[in-house]
Amino acid sequence: MKTTIEQRGLAPVRSVLDNGVRVIAKHSGATPAVTIHAAFEAGTIFDPPQEQGVAHFVSRTIDRGTTARTAEEIAEDLESRGISLAMTVNRHALSLVCTCLVEDLQSTLATLGDVVMHPAFPDPEVETRRGEIVTMIRQDEDSPAAMASEGLLALLYGDVHPYGRRPRGTVASVERIARGSLQAFHAARFRPGALSLVMVGDVDPAQAIESAGRAFSQWKSAPPAAPHFPPVVAARERRVRIHTMMNKAQADIAYGFTTILRSDPAFYAYSLMNNILGEYSIGGRLGDSIRERQGMAYYVYSALDANVIPGPLLIRAGVNPANVDRALASIDEEITRMASKGPTEQELAESRQYLIGSMPRRLETNVGIANFLQMVEFFGLGMDYDLRVPDLLARVTRDEVHAAARAVLDPARAAVVIAGPYAGSAGSVGSDIV
């Protein structure tokens with residue numbers, strides 16, 4: 001076992017068990033409790049193309065019984081100690097998160113280990129969850145916001161790329177998923193080398209790591225296969241897709257581009273550019289122009305998701321259907337202005353100050369710290385990353401932010417999806433109406 005200890009800032013302790021499980025422990029004495037965040041490299045990008053939705057299905061069924069205990073026994077065990085186990089899944093990771101009292105840490109880790117190592121996927125539970133997932137998918141298909149978001153990623157990456165597929169799958173794909181599919185996905189992706197285990201709370205890090213070893217060190221399996229991504233091809237023209245939903249009251253706009261890797265040194269310039277553009281709906285250029293001054297949008301914001309592949313920069317807006325064309329024109333105008341002139345020095349200073357100042361707020365709770373440490377581990381940023389962020393942002397110049405904007409913000413290469421009661425063409429003769 002090799003251990004790395006950082007002495008400043010968050011000062012987490014990182015250890016790698018002999019079987020490959022990565023354990024990160026951070027002492028925080030705010031409450032007599034410990035937050036456990038277990039993340040597996042088992043997100044939706046690993047769905048087999050013919051079985052879209054498997055990862056999400058596993059996230060809904062993995063705690064519904066093991067080879068030793070029923071779902072009811074697991075639930076009673078956790079509830080008797082006041083523990084609620086939450087499962088989430090995104091493109092890259094499936095996570096299990098809970099908070100327990102310090103004295104319950106070892107028993108909680110044992111239960112968590114049983115759940116992730118020995119799930120039974122009982123047929124009755126699988127069928128119950130299948131019905132719930134189908135209902136969720138149909139609700140998404142009735143939501144302009146969901147259709148706009150999913151449609152934009154499909155337009156940016158293509159339906160066959162893992163980023164372009166629907167994370168919950170389709171009704172048809174979910175109805176095809178059998179218990180054996182869940183077992184196969186679990187066997188392929190739930191391995192010790194795919195597990196990052198973070199514990200934050202009122203416990204000595206060495207004790208927490210020892211407890212993790214008792215729960216997981218006997219788990220033996222080869223490392224999981226690394227993901228493979230088709231190349232991301234930059235757009236050369238504007239693409240528009242209209243998803244007509246005439247029975248709705250609101251139209252949702254999703255507008256975006258593919259950008260950069262998270263490991264790109266320009267990431268911090270892109271982060272500042274995104275924050276100035278409109279990372280938060282009340283502030284930023286988009287919010288000030290489209291929502292505050294023109295009163296056209298119920299919400300409008302931008303989001304940057306640089307990742308292990310060139311991730312998307314998304315602009316989202318919810319508008320009255322009569323305002324779709326005006327809102328799109330305003331988005332075009334704002335991104336053109338950012339690309340042509342860049343940010344002002346005042347905008348850059350205020351954005352830098354905000355991003356640096358918001359870091360302590362992200363780390364006020366055990367859950368916030370655990371989420372941050374999982375992100376740091378996933379991208380390999382180093383256990384001292386919280387100390388380096390202010391300087392990384394402070395070194396970014398106005399010219400670098402302007403260069404980031406010029407590199408990606410071009411209305412002539414934007415992907416646009418409109419979902420809702422909209423009967424126009426969005427000003428494009430090439431609109432794809434579905």
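The values are calculated or read from the model by the stated rules, or taken from the named source; none is laboratory data. Every value quoted in this text rests on a predicted model; they were computed, and no experiment measured them. Please note: Cβ atoms are built from the backbone with ideal geometry, for glycine as well, and neighbour counts cover all protein chains shown.
Things worth noting here:
Quick grid of which residues meet (1) crowded, with 21+ Cβ neighbours inside 10 Å; (2) in contact with a strand residue (DSSP E or B) (Cβ under 9 Å, 6 or more places away or on another chain); (3) modelled with pLDDT under 95; (4) closer than 29 Å to ILE369 by Cα:
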| position | (1), (2), (3), (4) |
| --- | --- |
| VAL198 | yes, yes, no, yes |
| ASP204 | no, yes, no, yes |
| SER211 | yes, yes, no, yes |
| ARG236 | no, no, yes, no |
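- MET375 vs. criteria in a helix (DSSP H, G or I), at pLDDT 95 or above and not small (Gly, Ala, Ser): yes
- Considered as a group, the residues in the stretch 211-236 that are of a type in the set (D, E, K, R) and assigned to a loop (DSSP other than H, G, I, E, B) include one that is nearest to ALA110 (Cα to Cα), and that residue is LYS220.
- Against the criterion of being outside the structural domain of ILE369 (by TED's automatic domain parsing) and either buried (at least 22 other Cβ atoms within 10 Å of the Cβ) or touching a Pro at 6+ places or on another chain (Cβ under 8 Å) (or both), LEU155 does not qualify.
- Residue check, SER181 modelled with pLDDT of 95 or more, within 30 Å of SER28 (Cα to Cα) and outside the structural domain of GLY311 (by TED's automatic domain parsing): no
- Any hit, the stretch 125-138, residues being at pLDDT 95 or above and part of a loop (DSSP other than H, G, I, E, B): no
- Within the stretch 263-306, if we keep just the residues that are under 18 Å from the mean Cα position of the chain (by Cα) and among the small types (Gly, Ala, Ser), the residue that is farthest from MET375 (Cα to Cα) turns out to be SER302.
- Every pair of residues 6+ apart whose Cβ atoms lie under 9 Å, when the first sits in the stretch 178-205 and is within 16 Å of LEU109 (Cα to Cα) while the second is surrounded by 22 or more Cβ atoms within 10 Å (Cβ to Cβ) and basic (Lys, Arg): VAL198/LYS26; MET199/LYS26; VAL200/LYS26; GLY201/LYS26; PRO205/LYS26
- Counting only residues that are charged (D, E, K, R) and touching a residue at least 12 places away in the same chain (Cβ under 8 Å), the stretch 143-162 holds 1 of them.
- The criterion of being outside any strand (DSSP E or B), small (Gly, Ala, Ser), in contact (Cβ under 8 Å) with a residue 60 or more places away in the chain and outside the structural domain of VAL115 (by TED's automatic domain parsing) does not hold for ALA208.
- Any hit, the stretch 346-369, residues being in contact with a strand residue (DSSP E or B) (Cβ under 7 Å, 6 or more places away or on another chain), of a type in the set (Val, Ile, Thr) and in contact (Cβ under 8 Å) with a residue 24 or more places away in the chain: yes
- Test: residue in the stretch 109-116 that is without any contact (Cβ under 8 Å) to a residue 40 or more places away in the chain and either loosely packed, with under 15 Cβ neighbours inside 10 Å or assigned by TED's automatic domain parsing to the domain that holds ILE133 (or both): yes
- ARG337 basic (Lys, Arg), closer than 18 Å to GLU400 by Cα and modelled with pLDDT of 95 or more: yes
- Restricting attention to the stretch 29-80 and to residues that are assigned to a loop (DSSP other than H, G, I, E, B) and touching a Leu at 6+ places or on another chain (Cβ under 7 Å), the residue that is nearest to VAL171 (Cα to Cα) turns out to be GLY43.
- Positions within the stretch 81-124 being more than 21 Å from ASP202 (Cβ to Cβ) and part of a loop (DSSP other than H, G, I, E, B), in sequence order: ASN90, ARG91, HIS92, ALA93, HIS118, ALA120, PHE121, PRO122
- Near pairs, Cβ below 7 angstrom, 6+ apart or cross-chain, from the stretch 390-413 (within 21 Å of VAL232 (Cα to Cα) and surrounded by 15 or more Cβ atoms within 10 Å (Cβ to Cβ)) to any residue that is at pLDDT 95 or above and not hydrophobic (A, V, I, L, M, F, W, C): ALA404/TYR270; ALA405/GLY342; VAL408/THR259; PRO411/ARG238; PRO411/ASP332; PRO411/THR336; ARG413/GLU237; ARG413/ARG238
- Residue check, SER358 modelled with pLDDT under 95, in a helix (DSSP H, G or I), of a type outside the set (Asp, Glu) and surrounded by fewer than 14 Cβ atoms within 10 Å (Cβ to Cβ): yes
- Subset of the stretch 154-194 (residues that are more than 22 Å from PRO224 (Cα to Cα) and outside any loop (DSSP other than H, G, I, E, B)): ALA154, LEU155, LEU156, TYR157, VAL171, ALA172, SER173, VAL174, GLU175, ARG176
- Looking at LEU272, LEU261, LEU304, LEU277, just one residue is in contact with a helix residue (DSSP H, G or I) (Cβ under 6 Å, 6 or more places away or on another chain), within 22 Å of ILE45 (Cβ to Cβ), of a type outside the set (Gly, Ala, Ser) and modelled with pLDDT of 95 or more, and that residue is LEU304.
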